[in-house]
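Enquirer: What follows is a single structure, and I will ask about it in a moment.
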Amino acid sequence: ADAVEEIATARRDLGELRRDAIDLGIDGGTCESCGTSVDLSMLTDPACPACDRSFSDITPDRWWNPLSNPTLHTAPDSRNAMSADEATHPRDIVDGN
């Protein structure tokens, strides 16, 4: 039952992200977390295919800057989240220092 609920939630979140993108006239963007270029029409889940971070929002490019791209903002992902200590001092955590 939990798996079915997770799938339904992922589909709903992806649908919301795509609707927001359509409203903004956007068909893709750059992942805030890893910088990967993402085509929203190719996604099966509301997550970056490169870093697997979940997308939470989309910001359009800056109209005055022709080189800017829309940004796909990411939420903290509990599946891959590290604590702040692990992110800044991974060797200390492993070595137990």
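Enquirer: With θ set to phi - 60° and the Karplus curve 6.51 cos²θ - 1.76 cosθ + 1.60, what are the ³J(HN,Hα) couplings of the stretch 9-18 in order, to the nearest whole Hz, using x for Gly and Pro?
Expert: Going residue by residue, I get 5, 4, 5, 5, 5, 5, x, 5, 4, 5 Hz, with x marking Gly and Pro.
Enquirer: For the residue pair C34 and A10, what label-to-label distance in nm results when each label sits 7 Å from Cα along the Cα-to-beta-carbon direction?
Expert: Distance between label points: 1.5 nm.
Enquirer: Let me ask you something else. Per-residue HN-Hα couplings for the stretch 44-49, Karplus 6.51 cos²θ - 1.76 cosθ + 1.60 at θ = phi - 60°, whole Hz, x for Gly and Pro?
Expert: These are the phi-based 3J(HN,Hα) values: 9, 9, x, 9, 5, x Hz.
No lab work stands behind these numbers, since they all come straight from the coordinates. Only a predicted model underlies this, so the values are computations on that prediction, with no experimental measurement involved. Ideal geometry is used to build each Cβ from the backbone, glycine not excepted, and the neighbour counts take in all protein chains shown.
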